[in-house]
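Reviewing the structure listed below.
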Amino acid sequence: VQLQASGGGLVQAGGSLRLSCVASGRTAFSTYGMGWFRQVSGKEREFVASIRWSGGSTDYVDSVKGRFTISRDNAKNTVYLQMYSLTPEDTAVYYCAADIQGYGSKFYRTYEYWGQGTQVTVSS
């Protein structure tokens, strides 16, 4: 399973971005829980959001609740992270990840597959 994240870039504070993550290869994407994590150089990887295989349950870190939305399109093997009201504190490399058990989690060790990351930079 390969995960390809895209959609990052440079945006001013208050702006928005939508990240995408496409799964390819020998994948049963519709059965996977998916997650987004982010990492700043020198710091631990931080959970951002997760979504169950069905899309019926989502979870967010408190700092992004009300600003970020995770969603998925199983027909397109794609998970999204819509980000609004971005702040400089959201600057990081964002990674998508797949949990073959189907649930998603805030714990990065839950996930078996990881994308390569996409850089999000928010200027003040």
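A few comments on the model shown:
- Highest-MSF residue in the chain out of 41, 71, 16 [GNM, Cα springs under 10 Å]: 41
- Counting only Cβ charges, +1 for Lys and Arg and -1 for Asp and Glu, the dipole size of the stretch 1-99 around its Cα centre is about 240 debye.
- Candidate lysines - alpha carbon under 19 Å from residue 106, same-chain residues fewer than 8 apart omitted: 43, 65
- Relative contact order, percent, the chain [alpha-carbon distance under 8 Å, six or more residues apart]: 37
- Summarising the strand pairing of the chain, around 90 percent of its internal DSSP beta bridges are antiparallel.
- Surface composition of the stretch 1-116: carbon and sulfur atoms hold 47% of the protein heavy-atom accessible area at a 1.4 Å probe.
- Residues of the stretch 7-124: accessible area per residue with a 1.4 Å probe, Å²: 52
- Rounded to whole numbers, the Karplus 3J(HN,Hα) couplings from phi for the stretch 96-101 are 9, 8, 10, 10, 6, 6 Hz, using 6.51 cos²θ - 1.76 cosθ + 1.60 with θ = phi - 60°, and x at Gly and Pro.
The values are calculated or read from the model by the stated rules, or taken from the named source; none is laboratory data. On a predicted model such as this, the values are computed, not experimentally measured, just so you know. A quick note on method: Cβ atoms are made from the backbone with ideal geometry, for glycine too, and the neighbour counts reach across all protein chains shown. When the accessible area is computed, the model is the full protein with side chains, heavy atoms only, and any ligands, DNA or RNA have been set aside. Shrake-Rupley method; radii C 1.70, N 1.55, O 1.52, S 1.80 Å.
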